[in-house]
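Q: Here's a structure for you.
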Amino acid sequence: MKRIAIYLIKWAIIFLVASILVFTVVRMMPSTPVDKWLDAYHLPHTEENVAFMTQKMGLDKPLYAQYVQWIGNFLHGDWGVSLVSGEDIRQRFLDKMPYSFSIGILGLLIGAASSFFLGYRAALHRNRFCDRLTTFLTIFSQSVPMFVLSILIINAFSVRLRIASFFTGDGKYAIVASILLTALYATGGLSRVVRSAFRDEMSKSYVKFMVSRGFSRETVLLRHAYKPPLASLVSAVITRFAGVFGGSTVLEFAFAIPGLSTMLVSAMDSRDYAILQTYILVVIIWMFLVHLVLNLVLHLIGARRDA
Amino acid sequence: MTENADILKDGKMPALEVDDLCVWVLKEGKEIPILSHISFSIGEGERWAIAGESGAGKSMTMNAITALLPEGSTRISGRILFRQKDGSMVDLLSIPYKERQAFVADQVAVIFQDSINALNPNERVFKQWSETVLLHQPGLSREKLMQHLLKRMEIFGVRGGEETLRHFPDQLSGGMRQRIAIAMALESPARILIADEPTTSLDAITQRSTVDFIRTLLDGSGRTLLYISHNLGILQYMCDHIMILKNGLMVEQGTTEELFYHGKEPYTRELVRGTLAIMGDSNLRD
Amino acid sequence: MKKKLILWAFFAVFVLFLFLVPHQNIKLTDILNTYQGCSREHLLGTDNLGRDLFALMVTGGQRTLLVVFIATLISFIGGSLLGMIAAYEGGLLRSLIQFIADFVTVVPSLVMALIFSALFGFSAPMAGVIFGIGNIGQYINLAEGLTSGMKERDFISAETSIGLPRASILFLHIFPNIMRQLFVYMGNNASSVVLQYAGLAFIGLGTDVTNPDWGTLLYQYRVYVLTYPRLVICPIAAICLLALFFHFAFDDARIKETELTIYD
């Protein structure tokens with residue numbers, strides 16, 4: 001109970017600190033939301049207009065009141081409107097989320113599953129094909145940027161072979177390619193984590209004892225020693241999730257997928273701070289949910305430290 | 001399969017016979033010899049000891065006999081013969097690698113050095129124990145299984161009944177875990193018990209009670225024992241035959257009496273003198 | 001060991017070369033001589049605007065190194081220090097430091113860098129600082145875990161009990177023992193900073209297109225992958241080789257060595 005309370009308080013503080021930070025940074029910008037709004041509707045920046053809009057947007061109130069109002073509205077589901085297009089921000093986020101989240105979730109799920117399999121094979125057959133493959137993938141994912149591979153994929157499949165078009169139609173190829181790339185890069189790091197956790201188990205007394213009792217080596221490893229490696233894998237996935245967010249930014253940009261990150265990039269280009277503010281909050285809440293679910297999974301796996 | 005009708009000197013059939021066993025470990029493309037030309041023959045019901053300093057090859061001998069040597073990084077030659085129920089001798093090394101483990105598990109029960117950590121920390125006692133039972137008696141119903149486990153717990157002095165079975169190993173005391181580990185090892189119908197320094201990680205009192213416990217187990221069942229230790233005091237107490245290894249070579253073998261008081265090799269005498277100096281002669285004869 | 005020496009020697013030559021070699025003005029365009037091949041005048045040829053690719057690569061390399069240097073310096077020193085202190089002191093300080101670690105790992109550093117470069121303009125030192133802070137969390141966790149392990153060793157508790165000053169225990173006795181793992185992680189982290197920075201430049205928010213980075217070049221030249229592969233291969237090779245260098249230069253075989261088990 002106490003641990004859950006501490007966990008929730010920690011996340012509440014993370015949310016608070018991040019929102020205050022982004023709020024302050026946005027207020028430090030030289031161009032105000034009022035200027036942006038007037039620009040968007042091609043209205044002159046007269047004193048009268050500015051004063052009217054400042055009051056209408058609530059920017060004449062003290063800063064803390066503005067902050068409280070913003071957070072309050074956000075939590076009630078009123079995420080405001082875009083400063084540039086006047087669209088409802090929440091609706092826009094809801095439209096874009098499926099793209100980004102499916103790339104992140106599916107990519108990592110596929111990556112984690114293949115990591116577990118590859119890591120297991122790599123640990124079992126040292127210096128054989130799977131072991132070398134995981135080493136190669138690790139080095140590969142650390143030295144070849146994702147967007148390089150995306151450029152090559154786009155050119156190979158759509159320009160050269162003409163079997164898939166990434167920028168026309170419903171964009172399904174772009175999404176599939178992004179998911180697979182995310183999975184590939186995740187496998188690079190995660191498979192070695194699984195491998196080394198399995199190697200740790202292999203040297204334990206209980207494994208030797210089980211084998212000597214007549215269980216086959218593979219059965220012991222996969223059916224009886226899987227918990228610690230699985231737990232290590234899930235922990236590693238938790239820490240990698242932020243990186244996946246960054247990675248999907250590059251992918252969405254390279255494949256022109258209309259996801260959250262593409263929206264962020266275009267919002268930044270047009271200095272739409274309202275979207276930026278909301279984006280940060282959404283990222284934090286998303287990370288919170290990811291941590292919550294994965295910590296729950298860790299709890300369910302229930303791997304114990306050594307007896 | 002090798003037929004072997006050798007009858008030992010005193011007319012007993014050997015339960016386990018090791019013939020010219022050599023083991024090499026492969027490291028960076030080189031073969032390093034670990035054991036060279038080890039031969040011995042253990043009669044049914046005898047209690048043998050392997051003694052020697054650490055690194056002498058005691059555990060390696062045990063690993064070879066129990067098929068625990070990894071296939072990829074070791075090379076093994078010679079013969080390791082187990083006597084079957086019908087009296088024939090089967091060479092472990094003539095069996096394909098994948099099937100050796102299952103074969104050996106029916107021939108020998110093994111108790112390891114680190115028996116306190118011999119239980120899987122992530123599984124309840126019931127799960128690990130019952131799966132071991134099912135390995136030897138497949139298709140046992142749940143009630144029968146529970147009956148069997150409770151009976152075994154009584155024999156091996158594991159207290160707490162069903163409650164204990166529901167626990168994870170880290171919720172049990174070290175002594176309890178060790179007893180469970182030994183009980184699980186002895187679920188196999190094996191007639192040979194191999195104990196690899198089962199008392200090294202224990203304090204003096206638990207050491208003594210463990211040794212006594214193993215002795216009572218043997219006294220009732222007529223099992224053959226192969227006890228591995230560097231502690232000659234315990235060996236003298238437990239065993240009637242001793243072999244002494246040094247640097248992977250057999251130095252000397254014979255009855256405990258012979259080796260202790262009429263050792264031929266200087267190394268044997270040196271080892272015995274060391275033990276006598278520590279434990280005192282009277283203690284040894286006890 | 002010998003291989004590493006050669007690797008580092010290569011790197012030293014590379015750095016000297018980057019900062020000392022004379023190159024043309026990168027802003028000089030020459031519309032009449034676009035897509036020139038390699039020549040004495042243009043070592044790597046010219047691009048779609050007739051700019052000298054060699055000069056562009058050299059200046060991009062300088063900035064990439066600067067970013068990697070700043071980022072690793074901040075996260076290595078900051079992370080190791082905070083992690084060691086957290087593990088050694090415990091209590092409230094530890095909770096606070098762990099909160100910092102959690103916080104920076106939750107907010108993706110590439111996204112942060114993107115936002116900051118859009119708001120304040122793109123600059124290499126700023127990217128370095130953001131990546132440095134963004135990656136600090138992993139160092140903290142690693143150093144914390146390793147130090148906690150060390151603290152339980154007998155010689156450290158002996159030193160604590162005879163009253164050696166904290167700073168000397170931390171720096172003279174704990175740090176040398178956990179350094180090896182930290183350096184391996186630093187190498188991996190430096191590679192990932194190279195990639196992160198390239199990704200940031202590739203997206204190109206707030207970048208100065210007249211003063212491009214390897215990532216920016218790649219974005220500008222991506223359409224020429226079939227027609228003028230040289231333009232694409234140069235930045236890709238530079239990014240990959242630099243990342244590979246950091247990976248291998250800090251690689252430590254002794255850590256990876258695995259004991260033989262009954263499975264081998």
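Q: What's the average, rounded to a whole number, of partner chain beta-carbon atoms within 10 Å of each residue's beta-carbon in B:104-112?
A: 3
Q: Take every residue in peptide C:114-121, count the Cβ atoms of other chains within 10 Å of its Cβ, and give the average of those counts.
A: Rounded to a whole number, the mean comes out at 5.
Q: Report Rg(Cα)/(2.2 N^0.38 Å) for the range A:192-307, keeping two decimals.
A: 1.56
Q: Of the heavy-atom accessible surface of the range A:95-270 (probe 1.4 angstrom), what whole percent is carbon and sulfur?
A: Ligands and nucleic acids excluded, carbon and sulfur give 65 percent.
Q: Just tell me which lysines come within less than 18 Å, Cα to Cα, of A:LYS208; anything on the same chain fewer than 8 places away is out.
A: Partners within reach: A:LYS227, B:LYS58, B:LYS98, B:LYS127.
Q: Going Cα to Cα from A:LYS96, which lysines come in below 23 Å? Please leave out same-chain ones fewer than 8 positions away.
A: A:LYS172
Q: In Å², and per residue, what accessible area does the protein assembly as shown have when probed at 1.4 Å with the other protein chains present?
A: 46
Q: Give, ordered by residue number, each residue of the range A:136-161 whose 1.4 Å probe accessible area is reduced by a minimum of 20 Å² on adding the remaining protein chains to the chain alone.
A: A:ILE139, A:GLN142, A:SER143, A:PRO145, A:PHE147, A:VAL148, A:ILE151, A:LEU152, A:ASN155, A:ARG160
Q: Using only the Cα atoms of chain A, build the gyration tensor, take square roots of its eigenvalues as a ≥ b ≥ c, and label the shape rounded, prolate or oblate: rounded if a/c is under 1.5, else prolate if a/b is larger than b/c, else oblate.
A: Since a/c reaches 1.5 but b/c is at least a/b, the shape of chain A is classed as oblate.
Q: How big is the C/A interface in buried accessible area, both sides summed, 1.4 Å probe, to the nearest 100 Å²?
A: Interface between C and A: roughly 4400 Å².
Q: A further question on this structure: When the accessible area of the range C:66-260 is computed with all protein chains present and a 1.4 Å probe, what percentage of it is carbon and sulfur?
A: Whole-percent figure for carbon plus sulfur exposure: 67.
Q: Continuing with this model, one more query. With each label point set 7 Å from Cα along the Cα-Cβ vector, what nm distance links B:GLU162 and A:ASP170?
A: Computed distance between label sites B:GLU162 and A:ASP170 equals 5.6 nm.
Q: Right, here's the next one. Can you give the charge dipole size of the range A:204-256 about its Cα centre, rounded to the nearest 20 debye, using +1 on the beta carbon of Lys and Arg and -1 on the beta carbon of Asp and Glu?
A: So the dipole magnitude of the range A:204-256 works out to roughly 500 debye.
Q: Here is a follow-up. Short version: which residues of the range A:189-215 lose at least 30 Å² of accessible area, all chains versus chain alone, 1.4 Å probe?
A: Buried-area filter returns A:ARG199, A:MET202, A:SER205, A:TYR206, A:LYS208, A:PHE209, A:VAL211, A:SER212, A:ARG213, A:GLY214, A:PHE215.
Q: A further question follows. For the B and A pair, go ahead and give the buried accessible area with a 1.4 Å probe, both sides summed, in Å² to 100.
A: 2400
Q: State the answer as a single residue: which of B:HIS136, B:THR61, C:TYR139 lies farthest towards the positive end of the charge dipole of the protein assembly as shown, with beta carbon charges of +1 for Lys and Arg and -1 for Asp and Glu, about the Cα centre.
A: C:TYR139
Q: Still on this model: Considering only DSSP beta bridges with both partners in the protein assembly as shown, what is the antiparallel share in %, to the nearest 5?
A: Roughly 65 percent of the DSSP beta bridges within the protein assembly as shown come out antiparallel.
Q: Just to confirm the filter: which GluC sites (Glu not before Pro) across the range C:80-174 are DSSP coil and have at most 16 other Cβ within 10 angstrom of their Cβ?
A: Passing sites in the range C:80-174 are C:GLU152.
Q: Another one. D for chain C, whole µm²/s, Stokes-Einstein with Kirkwood Rh over alpha-carbon pairs at 10 °C and 1.306 mPa s: what number?
A: Once the numbers are plugged in, D ends up at 77 µm²/s.
Q: If you average the alpha carbon positions of the range A:24-67 and of the range B:186-232, how far apart do those two centres end up, in angstrom?
A: Centre-to-centre (Cα) distance: 84 Å.
Q: Let me ask you something else. On average, how many beta carbons from a partner chain sit within 10 Å of the beta carbon of a residue in C:97-109?
A: Taking all residues of C:97-109 together, the mean is 5.
Q: To the nearest 20 debye, what charge dipole does the protein assembly as shown have about its Cα centre, counting +1 at the Cβ of each Lys and Arg and -1 at the Cβ of each Asp and Glu?
A: 580
Q: Where does the Debye-calculated log10 I(q)/I(0) of the range A:95-270 sit at q = 0.13, 0.14, 0.15, 0.16 Å⁻¹, using only Cα point scatterers of equal weight, no solvent?
A: -0.70, -0.77, -0.85, -0.92
Q: Checking a compactness column here: for chain B, what do you get for Rg(Cα) / (2.2 N^0.38 Å), N being the number of residues?
A: Taking the Cα Rg and dividing by 2.2 N^0.38 Å, one obtains 1.03.
Q: Rg and Dmax of the range A:92-164, Cα atoms, in Å?
A: 16.3, 50
Q: Let me ask something else about it. Hey, which aspartates and glutamates would be in cross-link range of B:LYS264, C-alpha to C-alpha under 14 Å, not counting anything within fewer than 8 residues on its own chain?
A: B:GLU252
Q: Accessible area lost on pairing B with C, both sides, 1.4 Å probe, Å² to nearest 100?
A: Accessible area lost upon association: around 400 Å².
Q: For the range A:83-235, with only Lys/Arg (+1) and Asp/Glu (-1) charged at the beta-carbon, what is the dipole magnitude about the Cα centre, in debye rounded to 20?
A: 780
Q: Oh, and also: So what is the relative contact order of the range B:155-286, in percent, for Cα pairs below 8 Å that sit 6 or more residues apart?
A: Contact order relative to length: 16 percent.
Q: So which residues in the range C:159-206 end up with at least 40 square angstrom less accessible surface once the other protein chains are there, compared with the chain by itself, probe 1.4 angstrom?
A: With the partner chains in place, the range C:159-206 has these residues losing at least 40 Å²: C:LEU195, C:PHE202, C:ILE203, C:LEU205.
Q: From Cα pairs below 8 angstrom and at least 6 apart in sequence, can you work out the relative contact order of chain A, rounded to a whole percent?
A: Reported relative contact order: 24 percent.
Q: Just to check I understand the Karplus step: with θ = phi - 60° and J = 6.51 cos²θ - 1.76 cosθ + 1.60, what whole-Hz values come out for the range A:63-77, glycine and proline as x?
A: Values, residue by residue: 4, 5, 5, 4, 4, 4, 4, 4, 5, x, 4, 4, 5, 7, x Hz.
Q: Principal axis extents for the protein assembly as shown, Cα atoms only, whole Å, descending order, please.
A: That works out to 115, 66, 63 Å along the principal axes.
Q: How big is the accessible area of C:CYS234 in square angstrom, nearest 10, if you roll a 1.4 angstrom probe over the protein chains?
A: Its accessible surface works out to 30 Å², give or take rounding.
Q: Here is a further query. Can you order the peptides A:85-93, C:131-139 by their average number of other Cβ atoms within 10 Å per residue, highest first?
A: Taking the mean over residues of other Cβ atoms within 10 Å, the ranking is C:131-139, A:85-93.
The values are calculated or read from the model by the stated rules, or taken from the named source; none is laboratory data. Predicted, not measured: the structure shown is a model, and the values here were computed from it. Don't worry about glycine lacking a Cβ; one is built from the backbone with ideal geometry, like all the others, and counts go over all protein chains shown. Accessible surface is based on the protein model in full, side chains and every heavy atom, while ligands, DNA and RNA are left aside. Shrake-Rupley method; radii C 1.70, N 1.55, O 1.52, S 1.80 Å.
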